[in-house]
1. Got a number for residues in segment 1-19 being of a type in the set (Phe, Trp, Tyr) and over 19 Å from the mean Cα position of the chain (by Cα)?
2. Just to be sure I understand the filter: pairs with C-beta atoms under 6 Å, separated by 6 or more residues or on different chains, first member in segment 58-77 and under 14 Å from VAL27 (Cβ atoms), second member open to solvent by 50 Å² or more (accessible area, probe 1.4 Å) and not in a helix (DSSP H, G or I). Which pairs pass?
3. Looking only at segment 62-92, which residues are open to solvent by 60 Å² or more (accessible area, probe 1.4 Å) and assigned to a helix (DSSP H, G or I)?
4. Which one of these is out of contact with any Cys (no Cβ under 7 Å at 6 or more places or on another chain), buried (at least 17 other Cβ atoms within 10 Å of the Cβ) and either modelled with pLDDT under 95 or not in a loop (DSSP other than H, G, I, E, B) (or both): LEU53, LEU19?
5. Take GLU122 and decide whether it is farther than 25 Å from CYS4 by Cβ, open to solvent by 100 Å² or more (accessible area, probe 1.4 Å) and among the charged types (D, E, K, R).
6. Hey, could you check segment 1-28 for residues that are β-branched (Val, Ile, Thr) and free of Cβ contacts under 8 Å to residues at least 24 places away in the same chain and say which is farthest from ligand 1 (Cβ to nearest atom)?
7. Given (1) more than 30 Å from ASP108 (Cα to Cα); (2) of a type in the set (S, T, N, Q); (3) within 15 Å of ligand 2 (Cβ to nearest atom), identify the lone condition not met by GLN59.
8. Can you tell me which of ILE41, ILE31 is at pLDDT 95 or above, surrounded by fewer than 17 Cβ atoms within 10 Å (Cβ to Cβ) and within 13 Å of ligand 1 (Cβ to nearest atom)?
Amino acid sequence: MDNCIFCKLANGEFPSHTLYEDEDFRVILDIEPATKGHALILPKKHYANIFELPCEYAQKVFNVAKNMSASMKEALDFDGFNVLQNNGEAAGQTVFHFHMHLIPRYKDDNAGLEMPGKKAAEYDLTEVADVIRAKVK
Ligand code: AMP
Ligand code: ZN
């Protein structure tokens, strides 16, 4: 993808604060961090979102998240940790190259990442469960 900024960051064509790199991924600091240490895991290959991401990468990306969480915890001594991944505009995705957010959380940091609008379901949970379960492979 010629005009994808995350392709360029992931492959070192644009400078970044790189925390980790292997043959498939680069982990960089987010340029507008939600909290101190907010990082992004970027695959070096272009996949727009989780639907495009091959299973092989999906497994690897969580290994990177797991390892980074331990290193970041040692480095920053935070109180909590969000792993967040947005797909599609409706979900808040703004850069359409798959990425996983690693967000250290500090007591009273007011990062505003709480799940908004949780309420009792206005639809039948059993029906929804049936519809989804029918498609699970
Ligand atoms: P999302 O809303 O999940 O698509 O997240 C995109 C993230 O990319 C945001 O948190 C941005 O702050 C971050 N971002 C955008 N441009 C850059 C950049 N050049 N370097 C680092 N992070 C970036
Ligand atoms: Zn890209």
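1. Qualifying residue count for the region: 1.
2. ALA65/VAL83; SER69/PHE81
3. Correct list: PHE62, ASN63, LYS66, ASN67, SER71, LYS73, GLU74, ALA75, GLU89, ALA90.
4. Numbers: LEU53 fails: either modelled with pLDDT under 95 or not in a loop (DSSP other than H, G, I, E, B) (or both).
Matching residue, one of LEU53, LEU19: LEU19.
5. yes
6. Among those residues, the one meeting the criterion is THR18.
7. Going through the list (1) more than 30 Å from ASP108 (Cα to Cα); (2) of a type in the set (S, T, N, Q); (3) within 15 Å of ligand 2 (Cβ to nearest atom), GLN59 breaks only (3).
8. On the way: ILE41 fails: surrounded by fewer than 17 Cβ atoms within 10 Å (Cβ to Cβ).
Unique residue meeting the criteria: ILE31.
The values are calculated or read from the model by the stated rules, or taken from the named source; none is laboratory data. The model shown is predicted, which means the values in this text are computed figures rather than measured ones. Cβ sites come from the backbone with ideal geometry, for glycine too, and all protein chains shown count toward neighbours. The protein model used for the area step is the full one, side chains on, heavy atoms only, and it has no ligands, DNA or RNA in it. Shrake-Rupley method; radii C 1.70, N 1.55, O 1.52, S 1.80 Å.
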